[in-house]
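Presented below is the structure to which this report refers.
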Amino acid sequence: MTAEIICVGTELLLGDIVNTNAQFLSRELAELGISVLHQHVIGDNPDRLRELVAQAKSRSELLVFSGGLGPTQDDLTKETVARAFGDPLHFDEEEWQKILTFFARTNRTPTPNNRKQAMVPTHGRKLPNAHGTAPGAWFEADGCIAVLMPGVPREMKAMWAEQIRPVLLERQNCTIHSKTLRVLGGESSIASKVAGLFESDNPTAAIYCKTGESEIRVTARAATEAEAEAACDARIQQFRRILGPNAYDVDVPGLEYTVVHALQAKGLHAATAESCTGGLVAQMLTNVPGSSEVFGYGFVTYAEEAKSRLLGVDPALMERYNVVSGPVAVAMAYGALHASGADLAVGITGIAGPGGALPGKPVGTVYLAGADARSGKAWLQRLTLGGYRERSIIRTRAALYALDLLRRMALDLPVEEALAVPGPDTPPQTLAI
């Protein structure tokens, strides 16, 4: 089945509202094995909308609309699509009563314009909206389906899940299952290693880039749920064999969840000592429910005096090597380990920018150390993140490196294969502490 997504609203064209609906619908349709040929954003103009609907109807089997179902005069999506599909609208008293009840519940009074929201297809069917006043609509003619949903993302997603997706899935005559593999590293470097695995039609795989990592979404179609899930698992194992430890988990919200779960599984406690990341690593860890079981201490030591007083970093060490240096990062990790009584700790110091560059240490230079009380050793990396320029990106990537180091220490994975590519003058090394 081929599809087009049509998002209606002048506010979308003007950039006043970010069009998150198109992203959601694209991923949902891909998961159902439906090919999206075009995406459109169009203003509240009936003539242009009429022309677009006629073109889309002539070349695609499914038209998915969001927006333009409101009570105002320029909300004409339903009327325009109804004419294109030869399906007259009629007033639905049941829907009108729902609208009146909704307004009464929110202590508001409907206007005469709201009555147009109770107009529904005669030959097609209405799509109930349990989260707002505007029902959706389903039109079908000449081998083409049009589904109309509200533009409010919360309402649209609920209507899609409750009213539309199940019907489309049934018409596909198969079961769809998806899993998302999270991988540390950039999209281009990952894709070059596993390019062949993206060529299959079933299971399909798509890669999505995020800061410091990527998602690979694998979707399989099969006769049963069990067969589809097994096909997903088999393809994910192929990805993991090629990508190694950088492919860190499946169907988790982020790396911090994997770290917390790994610490819980191993019965370990972690601590952090942060300078340039300003507590971001601790914040990410504590966003995970249950993190209090494995994380009790986070030190934000921005000033040299704080590093010395809270972590026991020798002022002479900072004077000799500079506060942004490998020895200071190791001392911070070691200090956090002993101040907290944790099993594992990371120390981070660096230059997040935009200013502060030092000779031989440009903006984006970050030293990351990990200390392990079990082995009495520490690991040190110099990260060169200056190519990303933005302070927030440098900090976020440094935090991801730190989380990955915690994960590798907890699971006894090779630290030498860590996410970051070290600076040429400081390769990964093991230091006795």
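The values are calculated or read from the model by the stated rules, or taken from the named source; none is laboratory data. These numbers were taken from a predicted model, which means no experiment stands behind them. Reconstructed Cβ throughout: ideal geometry from the backbone, glycine too, with neighbour counts over all protein chains shown. Areas reflect the complete protein model, heavy atoms only, side chains present, ligands, DNA and RNA absent. Shrake-Rupley method; radii C 1.70, N 1.55, O 1.52, S 1.80 Å.
Per atom type, the stretch 64-215 shows carbon and sulfur on 51% of its accessible surface, probed at 1.4 Å. Taking all protein chains into account, the per residue accessible area for the chain stands at 44 Å² (1.4 Å probe). Note on the stretch 34-168: Cα Rg divided by 2.2 N^0.38 Å, N the number of residues, gives 1.02. Be a star and scan the stretch 221-261 for residues whose amide nitrogen sits under 20 Å from the point 7 Å along the Cα-to-Cβ vector of residue 169. Zone members listed by number: 221-234, 251-252.
Only protein heavy atoms count here; on that basis, with a 1.4 Å probe, residue 209 has an accessible area of about 80 Å². Figure note: 412, 372, 314, 142 ranked by solvent-accessible area, largest first, 1.4 Å probe, ligands and nucleic acids not counted: 142, 412, 314, 372. For the set 397, 374, 83, 407, the ranking by accessible area, highest first and with no ligand, DNA or RNA atoms included, is 83, 374, 397, 407 under a 1.4 Å probe. The Rg/Rh ratio for the stretch 314-399 is 1.00, where Rg is the radius of gyration of the alpha carbons and Rh is the Kirkwood radius. Ordering 411, 231, 58 by Cα displacement along the dipole of the chain toward the positive end leaves 411 in first place; charges were set at the Cβ atoms of Lys, Arg (+1) and Asp, Glu (-1).
Based on DSSP H segments of at least four residues, each scored -39500 (n - 2.57), the chain has a per-residue ellipticity at 222 nm of -11000 deg cm²/dmol. For the chain, the longest principal axis of the Cα atoms and the long axis of helix 46-59 meet at an angle of about 80 degrees. Distance between the C-alpha centers of the stretch 201-221 and the stretch 114-138? Whole Å please. So the two Cα centres are separated by 35 Å. Comparing 72, 349, 175 in a Gaussian network model of the chain, where Cα atoms under 10 Å apart are tied by springs, the biggest mean-square fluctuation is seen for 72.
Expressed as a whole percent, the accessible surface of the stretch 286-408 that belongs to carbon and sulfur atoms is 52, based on a 1.4 Å probe. The packing ranking, built from the mean of other Cβ atoms within 10 Å per residue, places the peptides 97-105, 294-302, 338-346 in the order 338-346, 294-302, 97-105, highest first. In the structure shown, the pairs 98/126; 78/126; 116/157 are assessed against 20 Å; a Cα-Cα span above that value is assigned to 116/157.
Computed extension gain for residue 73 through residue 59, at 0.36 nm per residue and net of the alpha carbon distance, reaches 2.1 nm.
Note on residue 266: aspartates and glutamates with a C-alpha under 14 Å away, same-chain residues under 8 apart excluded, are 293, 343, 372, 412. Divided by 2.2 N^0.38 Å, where N counts the residues, the Cα radius of gyration of the stretch 177-247 comes to 1.05. The reciprocal of the average 1/r between distinct C-alpha atoms defines the Kirkwood hydrodynamic radius, which for the stretch 244-290 equals 11.8 Å. Only beta bridges with both residues in the chain are counted; by DSSP, about 65 percent of them are antiparallel. Projecting the alpha carbon convex hull of the stretch 1-92 along each direction and taking the average yields 6.4 nm².
Taking the convex hull of the alpha carbon positions in the chain and averaging its projected area over all directions gives 25.3 nm². Just the protein heavy atoms count here, and of the accessible area of the stretch 8-56 at 1.4 Å, carbon and sulfur take up 51 percent.
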